[in-house]
Amino acid sequence: MEILNRNKAPDFRLIDKININTPKIYKIHETIPVYVLNAGTEDVIRMEVVFNAGSKFSEIPLVAAFTNMMLNEGTHSRTSKQLAEEFDYYGSYLQLSADRDFAEATLYTLGKHFDKTLDLLTDIILNPSFPDDELSVLLDNKRQRYQIDEQKVKTLSAKKFNEVIFGKEHFYGRNAELSHYNLIGSQQLKDFHKRLYHKNNCNVIISGKITDDVLKRLESNFKVCDKVDFDNSFLLQTTQPSSDKKHYVEKADAVQSSIRIGKPLINKHHEDYAGVQILNTILGGYFGSRLMSNLREDKGFTYGVGSAIASLKDAGYFTTVCEVGAESTNLAITEIYKELSRLIDEKVDNEELGRVKNYMLGEFVRMFDGPFAQSDALRSVIDFDMDEKYFENYLTVLKNITPSDLQNLAGKYFQPDTMYEVVAGKM
Amino acid sequence: MINFDKFELDNGLRVIVHADNTTPLAAINILYQVGARNENPNRTGFAHLFEHLMFGGSINVPSYDEPLQWVGGENNAFTTNDITNYHLSLPAENIETAFWLESDRMLSLAFTDKSLEVQRSVVIEEFRQRYLNQPYGDVWLHLRPLAYKVHPYKWATIGVSEEHISGVKMQDVKDFFYSWYAPNNAIMVVTGNVKTEEIKRLAQKWFGDIPRRNISKLEIPQEPEQIETRRLVLERPVPMDAIYIAFKMPGRMAADYKTVDIISDLLGNGKSSRLFRTLVMEKKIFGDIESYITGCIDTGLLIIEGRINPDISFEQAESEVFKILNELTEDLSETELEKVKNKAEATLVFGYIDILNKATGLAFFEMMGDANLINSELEEYQSVTVKDLKIAIKKYLKIENASILNYKSIKN
């Protein structure tokens, strides 16, 4: 009988290999790249169609979002009601979303209903009719949502932070305002659709149980428009960060404040990116991070705090995010700066770095586990015109990075006096 | 079909193993059969606060999270009115680390004052962040006591007030642990790239010597049948009026449970659902409306909640909703039922793709009596008939069985 020693951790193995499933890439109709990830055991399919049709391509910020949302509100042959009935009848789920760079339609369906649901997906992407009645309902609905969101301190700080780091006029820094909803009409949406939902302007990612029949069906059905002028240019602007470092949006009745501290930063294309991601993980990128340990687990200021390095197509930024009791706002801000300085002043010790490396390797395994996780991972590189080599490079950096490398990166990117500080709430 | 093996240790710990060698990962789900419904009415929010304390170090291991992170693992937990559930995933070859950590905190916590003090504050901030500092965030703090007069479902898992949380003492924590946290009150499910024999060995090694404990036998008072409509008006500085209608419905294991679940889908799940189609898109009474069920073990709720458009009164909004409920008993077609069943099928298939969700699902059904219920779920949905639905609508979706909360917008 073995004697159990509960004080000692069992042996474990470090992860030395990550299985990165490489997608098969096909071209349909000569131009549309289709990334195929055949994986998983269940008879399910997720198909994402991603267009370069985010808000930066229009003058009024909401045009992209409403063009996208209106896709399934009517086509030349199906009413809004019929579309809803048919998608629901097959138990499929359609997700429409648009951000600053991209607009997409994603279909989740059981494999046995793929033929029928692909017909629907194709119809809404190719032949939307943008009916006025449905548009007015949708505008009212989203106006209401907007007003509700405006009462949330996290919305107020996120919007202000955007403006501050990119500039109010910049296509990444501007925010939708209530008055913008009055400027949306169906003709603009039709024009936007015609200009950008084009076969030379999209990627398709399909994951799950992908048979030859699925691919044949895709080739014969998915005939994306190629007959109109296609122009995916947008007005290039330089960012204009605010000249003030500190910003406060007061909300008198708030019991918590939302704090964002951050700055514009490199994105995925930069050689320091993987290293900065690792540095960010140490700071605020996982449950055991320094910000969590300090602000939550030591001081109890907040339910949760985190930090992120985010990549946009033509920019990047860093931000810490948390909501803290109004009375602790100033104390929390001081601690966030303290943690930034600590990364610059002291080398990370080997125990902490080892833990973070192993945790991140585990995250890598999770990132490639299952068909949909894999397609999320793939999406995160093809949006940036990169491929899976990005992950290989990232892994190499992760395995080899040293405390000195991290300290240098912190000195280069995380100087407290370069940060912008936004508080929404009460302090 | 989710295949699994099942065994029980001498101390009463039930263990279920579902092997899946297509993944390099393993997942563990440990469900403790204790939730907010088991709390003392003067110490609500305790089960949830306790979930936080389970991460504050155990008797032999000062930190739960750090050793798990060292081996590439990730974890989380949640508390409901019925259960407290802990789950993790990690590279399968390192699974013994999880057995070490989970068994030690089942054996005993470290019970440090620091952890209690900090987590009380963290949970109060969670209370503020999720319930107080959000528009409409306090709805459930008021809707539950309106719908339940006797059953402890009348309070939310977060608790009735900040004071209930700030007043917790270390002795309360210890008593709670020894009343509820025990091998004979837990279900462990292991899924992923594992073998049953190895899991048996590890379970015996790490959990085998944890003693059985006397689980609290406090009877949960059951909610009597509701015989008249209950109403409450809240005035808040929010932009739009909203209405919440809660109908009592049978608990998870009752015969009508799945029938009522289907009704909630017909009414308000998705863009083709009756409430959304008619009252948002056509009549423009609501800006948004949906319907769902709470899915509790004991008497649950079917909720209809909607944001009312400007210039529409609460009375009109309510009567339009009941009009739809009446119509449903008259012109419900087989096709419409088939649609909802197809949706249920897809939801189940998509829901159980991931090994972690499978583990949580198996644990839940084992608690309900038999893990294998996970495999007959779809069949049960598919056996519901139009006639069943009509009977259930009349029985449950009637005004006397409704608790109605009018959330009134006022200027700040």
Notebook entry, point to check: Which whole number in µm²/s is D for segment A:24-221 by Stokes-Einstein, with the Kirkwood Rh taken over Cα pairs at 20 °C and 1.002 mPa s?
Noted result: 119
Checklist line | Residue among B:VAL123, B:ILE165, B:VAL71 farthest towards the positive dipole end of segment B:5-207, charges placed on Cβ | finding: B:ILE165
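Using the Kirkwood formula over every pair of different C-alpha atoms, what hydrodynamic radius in Å results for segment B:166-316?
20.3
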Next item on the list: Could you calculate, for segment B:5-207, the ratio of the Cα radius of gyration to the Kirkwood radius, expressed as Rg to Rh?
Entry: 1.00
Check: Where nothing but the Cβ of Lys and Arg (+1) and of Asp and Glu (-1) is charged, how large is the charge dipole of segment A:111-222 around its Cα centre, in debye to the nearest 20?
Finding: 400
Notebook entry, point to check: If you average the sequence gap of Cα pairs under 8 Å that are 6 or more apart and divide by the length of segment A:1-119, what percent do you get for the contact order?
Noted result: 26
Item checked: At 1.002 mPa s and 20 °C, Stokes D of segment B:323-410 from Kirkwood alpha-carbon radius, µm² per second -> 135
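Give, as a single signed number, the net charge of other residues whose beta carbon lies under 14 Å from the beta carbon of B:THR80, with Lys and Arg counted +1 and Asp and Glu -1.
Its environment carries a net charge of -1.
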Check: Can you pull the Rg over Rh of segment B:168-225, Cα-only, Kirkwood?
Finding: 1.14
Check: From the residues B:MET188, A:ASN201, A:HIS270, which one has its Cα farthest along the dipole of the protein assembly as shown in the positive direction, the dipole being from +1 and -1 charges on Cβ of Lys/Arg and Asp/Glu about the Cα centre?
Finding: A:HIS270
Next item on the list: Principal axes first, then extents: for the Cα atoms of the protein assembly as shown, list largest minus smallest coordinate on each axis, whole Å, largest first.
Entry: 76, 70, 59
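Output the peptides A:388-395, B:331-338 sorted from most to least packed, where packing is the average of other Cβ atoms within 10 Å over each peptide's residues. Don't skip to the answer; put the middle values down first.
Values: A:388-395: 16.0, B:331-338: 12.9.
So the peptides A:388-395, B:331-338, ranked by packing, come out A:388-395, B:331-338.
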Check: Stretch B:LEU348-B:ASP175 to full length: gain in nm at 0.36 nm per residue minus the Cα-Cα span?
Finding: 58.4 nm
Next item on the list: Could you work out the per residue convex hull volume over the alpha carbons of segment A:230-330, in cubic angstrom?
Entry: 158
Check: If r is the Cβ-Cβ distance from A:ARG145 to A:ASP253 and R0 is 25 Å, what FRET efficiency results, to the nearest 0.05?
Finding: 0.75
Check: Per-residue HN-Hα couplings for segment B:290-298, Karplus 6.51 cos²θ - 1.76 cosθ + 1.60 at θ = phi - 60°, whole Hz, x for Gly and Pro?
Finding: 8, 9, 7, 10, 7, x, 8, 5, 8
Item checked: Radius 15 Å from Cβ of B:LYS408, net charge of other residues (Lys, Arg +1; Asp, Glu -1) -> -3
Note to self: Let me check against my output: what whole-number percent is the relative contact order of segment B:230-409, with C-alpha pairs under 8 Å and at least 6 apart?
What the structure shows: 38
Next item on the list: Can you pull the one-decimal nm distance between simple spin-label points at A:SER243 and B:ASN357, each 7 Å off the Cα toward Cβ?
Entry: 5.3
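For A:85-94, what's the mean count of beta carbons from other chains sitting within 10 Å of each residue's beta carbon?
Averaged over the peptide's residues, the number is 6.
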Next item on the list: Of all alpha-carbon pairs in segment A:246-425, indicate the percentage at a distance above 23 angstrom.
Entry: 44
Margin query: Using the Cα centre of the protein assembly as shown as origin and beta-carbon charges of +1 (Lys, Arg) and -1 (Asp, Glu), tell me which of B:MET368, B:THR259, A:PHE166 is placed farthest towards the positive end of the dipole.
Written below: A:PHE166
Next item on the list: Please work out the Kirkwood hydrodynamic radius for segment B:206-258, using every pair of different C-alpha atoms, and report it in angstroms with one decimal place.
Entry: 17.0
Check: Hey, with R₀ at 45 Å, roughly what FRET efficiency would B:MET1 and B:GLU400 work out to, going by the Cβ-Cβ distance, to 0.05?
Finding: 0.60
Notebook entry, point to check: What size of dipole, in debye to the nearest 20, comes out for segment A:24-221 about its Cα centre when the only charges are +1 on Lys and Arg C-beta atoms and -1 on Asp and Glu C-beta atoms?
Noted result: 520
Item checked: Nitroxide proxy distance, nm - points 7 Å out along Cα→Cβ at B:ASN214 and A:SER404 -> 6.4
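For chain B, take N as its residue count and report Rg(C-alpha) divided by 2.2 N^0.38 Å.
Ratio of Rg to 2.2 N^0.38 Å for chain B: 1.05.
Hey, what's the Cα Rg ratio for segment B:132-248 versus the globular rule of thumb, 2.2 N^0.38 Å?
Ratio of Rg to 2.2 N^0.38 Å for segment B:132-248: 1.58.
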Margin query: Semi-axes of the equivalent ellipsoid for chain A, please: Cα gyration tensor eigenvalues, times 5, square-rooted, ordered largest first, whole Å.
Written below: 39, 30, 20
Notebook entry, point to check: When A:CYS202, A:CYS322 are ordered from fewest to most other Cβ atoms inside 10 Å of their Cβ, what list results?
Noted result: A:CYS202, A:CYS322
Item checked: Cα-based Lys pair tally, segment B:5-207, threshold under 27 Å, eight or more apart or on separate chains -> 9
Next item on the list: With everything on Cα atoms, drop me the angle between helix A:212-221 and the longest principal axis of chain A, reported from 0 to 90° to the nearest 10.
Entry: 60
Check: How fast does segment A:150-236 diffuse by Stokes-Einstein, in µm²/s, taking the Kirkwood radius from C-alpha pairs at 10 °C and 1.306 mPa s?
Finding: 93
Item checked: Dimensions in Å of segment A:15-124 - Rg and Dmax from alpha carbons -> 16.2, 54
Note to self: Quick check: net charge around B:PHE314, other residues with Cβ under 9 Å of its Cβ, Lys/Arg +1 and Asp/Glu -1?
What the structure shows: -2
Check: At q = 0.10, 0.13, 0.19 Å⁻¹, what log₁₀ I(q)/I(0) does a Debye calculation on the Cα points of segment B:230-409 give, no solvent, two decimals?
Finding: -0.42, -0.70, -1.27
Notebook entry, point to check: To the nearest 0.05, what FRET efficiency results for B:ASP311 and A:LYS194 with a Förster distance of 60 Å applied to their C-beta separation?
Noted result: 0.95
Notebook entry, point to check: If one computes the Cα centroid of segment B:142-156 and of segment B:190-237, what distance in Å separates the two points?
Noted result: 19
Note to self: Give me the percent relative contact order of chain B, please, defined on Cα pairs under 8 angstrom at least 6 residues apart.
What the structure shows: 22
Item checked: 22 Å Cα-Cα threshold exceeded, pairs from A:LYS8/A:LYS399; A:LYS263/A:LYS338; A:LYS152/A:LYS338 -> A:LYS8/A:LYS399; A:LYS152/A:LYS338
Next item on the list: Please get the size of the charge dipole for chain B, origin at its Cα centre, with Cβ charges of +1 on Lys and Arg and -1 on Asp and Glu, quoted in debye to the nearest 20.
Entry: 700
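Rule-based calculations on the coordinates, nothing more; no lab input. Small disclaimer: the values here were computed from a predicted structure and weren't measured. Reconstructed Cβ throughout: ideal geometry from the backbone, glycine too, with neighbour counts over all protein chains shown.
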